[in-house]
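The values are calculated or read from the model by the stated rules, or taken from the named source; none is laboratory data. Remember, it's a predicted structure, so these values are computed and weren't measured experimentally. In this analysis, Cβ positions are derived from the backbone assuming ideal geometry, glycine residues included, and neighbour counts consider all displayed protein chains. Ligands, DNA and RNA are stripped out before the accessible areas are found, and what is left, the full protein with its side chains, is counted by its heavy atoms. Shrake-Rupley method; radii C 1.70, N 1.55, O 1.52, S 1.80 Å.
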Amino acid sequence: MTEPPKKKTHGSYPSVKNWGGVRNVVQRIERSQTIVANREAVAFALLTMANTKITDVFEWDDHGNVKVKASNRIPEHALQSIKSIKSTVDKNGNPTIELELYDKVQVLRILAKASGLLDTPDDGQKPSVIGVNIQAPEDVENKGE
C-alpha cells in the first residue's frame, strides 16, 4: 500500500491553505523575513546613501575644472549611492560624464519613517470627541403662554 503524498511545507510557516493565493502569501512572508534578517545591512545602505556628498565622487580645482576621482579613491559608501553613470562626447568632441545618485530626499524620508521621526507624539492621548454642541430642551409647559 502506498502512502499519501506528504504536504509540502515552507520551512516553519503555518499552513495558509484556503487563504487564496497561498504562493503569494508565502512569498511575502519570505521577503519580509529576509528584510528583517538583513535589517542592519538595509539600514547601513540607506545611511550611506543619505550621507554621500558630491565631493566623495568629484573633485575640482580653483579654476572650476571638474574631474571624477579614480575609482580606488571613491569611498565604498559613495559607490553604493551611485544610481547611474553615463559617459558621452559632446558636439565639440569633449568627453562628458553624467552621474546620478539615488534621491537623497527620498532616502531621508524612508529613514525618518523607519526611525519613527515622522510619527505624531501621543496619538492615544488625544480626545476622541473634538466638539460637542448641547442644546437645552424646549420648555413645553410655558410654550403656549
For this session: Note down the relative contact order for region 45-122 as a percent, whole number, built from C-alpha pairs under 8 angstrom at least six residues apart.
Result: 28 percent
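Quick one: if the Förster radius is 25 Å, what FRET efficiency do Val68 and Asp90 give, using the C-beta to C-beta distance and rounding to 0.05? Don't jump to the answer; show the numbers that get you there.
Values: r = 16 Å, r/R0 = 0.64.
Taking R0 as 25 Å, the efficiency between Val68 and Asp90 is 0.95.
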Exercise. Could you sort Asp119, Asp62 by accessible area so the largest value comes first, with the probe set to 1.4 Å?
Worked result: Asp62, Asp119
For this session: Just grab the label-to-label distance for Ala43 and Glu100, each label 7 Å out from Cα along the Cβ direction, in nm (one decimal).
Result: 3.0 nm
